[in-house]
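Here is the structure we will look at, set down as structure tokens.
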Amino acid sequence: MTEPAIQQAYEAAKALYAQHGIDTDEVLKKLETIKISMHCWQGDDVRGFLNRGQELTGGISVTGSYPGAARTPEELRADLEQAFALIPGKHKVNLHAIYADTDEQVELDKLEPKHYERWVAWAKEQGLGLDFNPTCFSHENSKDGFTLSHPDENIRRFWIDHCKASRQIGAYFGEQLGQTCVTNVWVPDGFKDNPVDRMSPRKRLKASLDEVFAEPIDPRYNLDAVESKLFGLGSEAYVVGSHEFYMGYGLQNDKLICLDAGHFHPTEVISNKLSSLALFTSGILLHVSRPMRWDSDHVVIMDDELLEIGRELVRHDLLGITHIGLDFFDASINRVAAWVVGTRNTIKALLRAMLEPVEALKQAELEGDYTTRLALTEEFKSYPFGAVWDYYCASKGVPVREQWIRQVKAYEQDVLVARG
């Protein structure tokens, strides 16, 4: 499609939406302000650089052996740059602690901001923000499935110190980059089979978290989040950090509550939780994933749940208090393409939600006119949001529609294949 054709299609779509009071120019200005936190671990299959060769644990499993996984921080950053070149807007990168870029041999509990200076310098050059996560898995001290709730005080101390160090690194990111860093705590603690004592591990986890968060940090630089899970590989019967645990802890201690799309019952969705949680919390963190079979972390597609997440955020004006991150890892396809597909889809879902006549739909519902509510909702499913999306991509200098695939394939042949 040529540039004039893109402009022409956009103008026609703009006129259609204007009939319902929707200003597409203003919608795109708002869309441009939304930052998606793209997870670094898709690029190297959650291996990191601190403990190369360490077996993945904590319920994490990556399948596939597509060529080209990043082996060094430089390769990972190059792959991220390629992905961002195909995604409209300026966004963030979400780092796990194991992605430290340092020549030192350093343990997780001894990490410091200096071990991420190269990441910060790169982010400044690229105009990106950084988010952070302590890595409480794939380590000798997590091999039995417990970290912050471990009965061994010495092991708990190791993980407490690691999480405290992570918050300082997050604050460093926020101060250096001028964009608030969200530091998210998730731990894999739990039992494979039915426990006798469900309370004691949760008491230990609460006490550990209290110590982790004891030091105040300027919220301009770092915001803390806590993430729950229903069950995991090796913790099928019981997870210490359940949704109820972290919802209570987050509300009581004013922490962001992280909702991961794959961390609930297979028939449960996070979109339906947003309007409830937003009434009681000052902020929400999303990990957008696709749980084809529970927490299988498939690449995000524009399915019904992704669209509902976008609608809930837009309809209830929650974008200002919600931090949107991605969390999937697929080694069966080109890893750069996985980033591009998932991130572009997440932005598209938000755009589609912004292009709905929300106020008219709310008014029809308030008046009991459910006929109009249904009819208008269905008709808007075929409105030309794609023309608006194409125009947005073109205006941001990124490929329109599937044109980006050629660039990924060329990058694969020129760069990824050579990695073996």
Practice task
Could you look through segment 82-134, keep only residues that are part of a strand (DSSP E or B) and aliphatic (A, V, I, L, M), and pick out the one that is nearest to SER395 (Cα to Cα)?
Solution key: VAL93
Exercise for the section: Might you let me know whether segment 363-370 holds any residue that is of a type in the set (Phe, Trp, Tyr) and in contact (Cβ under 8 Å) with a residue 60 or more places away in the chain? Expected result: no
Completion exercise
Of (1) within 21 Å of the chain's Cα centre (by Cα); (2) outside the structural domain of LEU285 (by TED's automatic domain parsing), ILE87 fails just (2)
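So, PHE213, is that one modelled with pLDDT of 95 or more and of a type in the set (Phe, Trp, Tyr) or not? Steps first, answer last, please.
Values: modelled with pLDDT of 95 or more: yes; of a type in the set (Phe, Trp, Tyr): yes.
Against the criterion (modelled with pLDDT of 95 or more and of a type in the set (Phe, Trp, Tyr)), PHE213 qualifies.
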Practice task
State which residue is farthest from LYS114 (Cα to Cα) when the search covers only segment 148-193 and only residues that are in contact (Cβ under 8 Å) with a residue 40 or more places away in the chain, part of a helix (DSSP H, G or I) and among the aliphatic types (A, V, I, L, M).
Solution key: ILE160
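Just to check your reading of the model, which residue among TYR17, TYR10 is farther than 18 Å from ASP297 by Cβ, touching a Leu at 6+ places or on another chain (Cβ under 8 Å) and not assigned by TED's automatic domain parsing to the domain that holds ARG344?
TYR17
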Practice task
Residues being touching a helix residue (DSSP H, G or I) at 6+ places or on another chain (Cβ under 9 Å) and touching a residue at least 40 places away in the same chain (Cβ under 8 Å): count how many of those fall in segment 284-303.
Solution key: 5
Handout entry: Top-ranked residue in segment 410-420 [being in contact (Cβ under 8 Å) with a residue 12 or more places away in the chain and in a helix (DSSP H, G or I); ranked as surrounded by the most Cβ atoms within 10 Å (Cβ to Cβ)]
Key = LEU416
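Would you check which residues across segment 10-49 are of a type in the set (S, T, N, Q) and part of a strand (DSSP E or B) and list them?
Filtering segment 10-49 for residues of a type in the set (S, T, N, Q) gives 19, 24, 33, 37, 42.
Within segment 10-49, SER37 is the sole residue that qualifies.
Which one is nearest to ARG315 (Cα to Cα) among residues in segment 341-382 that are of a type in the set (Lys, Arg) and assigned to a helix (DSSP H, G or I)?
Taking segment 341-382 as the starting set, the residues that turn out to be of a type in the set (Lys, Arg) are 344, 348, 352, 362, 373, 381.
Among the residues that remain, those that are also assigned to a helix (DSSP H, G or I) are: 344, 348, 352, 362, 373.
On the way: ARG344: 20, LYS348: 15, ARG352: 11, LYS362: 9, ARG373: 14 Å.
Per the criteria, the residue is LYS362.
Do you know which residues across segment 34-50 are within 15 Å of LEU128 (Cβ to Cβ) and not basic (Lys, Arg)?
Start the filter on segment 34-50 by keeping residues that are within 15 Å of LEU128 (Cβ to Cβ), which leaves 34-40, 43.
Of everything in segment 34-50, those that are within 15 Å of LEU128 (Cβ to Cβ) and not basic (Lys, Arg) turn out to be ILE34, ILE36, SER37, MET38, HIS39, CYS40, GLY43.
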Completion exercise
Filtering segment 389-398 for residues that are more than 19 Å from ASP303 (Cα to Cα) and in a helix (DSSP H, G or I) leaves a count of 6
Problem - Residues (surrounded by fewer than 18 Cβ atoms within 10 Å (Cβ to Cβ) and of a type outside the set (A, V, I, L, M, F, W, C)) located in segment 274-293 - result: SER275, SER276, THR281, SER282, ARG293
Exercise for the section: Give the residue, chosen from GLU308, GLU367, GLU356, GLU312, that is over 30 Å from ARG47 (Cα atoms) and more than 25 Å from the chain's Cα centre (by Cα). Expected result: GLU367
Practice task
Can you tell me which residue among ASP23, ASP109 is among the acidic types (Asp, Glu) and in the same structural domain as PRO384 (by TED's automatic domain parsing)?
Solution key: ASP23
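Scan segment 100-109 and give yes if some residue there is surrounded by 22 or more Cβ atoms within 10 Å (Cβ to Cβ), of a type in the set (A, V, I, L, M) and over 26 Å from ASP161 (Cβ atoms), otherwise no.
First pass over segment 100-109, keeping only residues surrounded by 22 or more Cβ atoms within 10 Å (Cβ to Cβ): 100, 108.
Cutting the leftovers down to of a type in the set (A, V, I, L, M) gives us 100, 108.
Narrowing further to those that are over 26 Å from ASP161 (Cβ atoms): none.
No, there is no match, as no residue in segment 100-109 is surrounded by 22 or more Cβ atoms within 10 Å (Cβ to Cβ), of a type in the set (A, V, I, L, M) and over 26 Å from ASP161 (Cβ atoms).
Loosely packed, with under 14 Cβ neighbours inside 10 Å, of a type in the set (Val, Ile, Thr), in contact with a Phe, Trp or Tyr (Cβ under 7 Å, 6 or more places away or on another chain) and in the same structural domain as LYS273 (by TED's automatic domain parsing): does that describe ILE333?
Details: loosely packed, with under 14 Cβ neighbours inside 10 Å: yes; of a type in the set (Val, Ile, Thr): yes; in contact with a Phe, Trp or Tyr (Cβ under 7 Å, 6 or more places away or on another chain): yes; in the same structural domain as LYS273 (by TED's automatic domain parsing): yes.
Yes, satisfied.
Looking for whichever is under 18 Å from the mean Cα position of the chain (by Cα) and of a type in the set (Lys, Arg) here; the options are LYS114, LYS29, LYS35. Which one fits? Full working, then the answer.
On the way: LYS114 fails: under 18 Å from the mean Cα position of the chain (by Cα); LYS29 fails: under 18 Å from the mean Cα position of the chain (by Cα).
Within the list LYS114, LYS29, LYS35, the selection yields LYS35.
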Handout entry: Flag for GLY129 being small (Gly, Ala, Ser), within 22 Å of ALA225 (Cα to Cα) and within 19 Å of the chain's Cα centre (by Cα)
Key = yes
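A quick yes/no check of all residues on (1) surrounded by fewer than 22 Cβ atoms within 10 Å (Cβ to Cβ); (2) hydrophobic (A, V, I, L, M, F, W, C); (3) in the same structural domain as ILE309 (by TED's automatic domain parsing):
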{"site": "ASN345", "(1), (2), (3)": "yes, no, yes"}
{"site": "LEU350", "(1), (2), (3)": "no, yes, yes"}
{"site": "GLU367", "(1), (2), (3)": "yes, no, no"}
{"site": "GLU378", "(1), (2), (3)": "yes, no, no"}
{"site": "PRO384", "(1), (2), (3)": "yes, no, no"}
{"site": "ASP390", "(1), (2), (3)": "yes, no, no"}
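The values are calculated or read from the model by the stated rules, or taken from the named source; none is laboratory data. All figures in this text were calculated on a predicted structure; none of them were measured in a lab. All Cβ positions, even for glycine, are placed from backbone atoms using ideal geometry, and neighbour counts span all protein chains on display.
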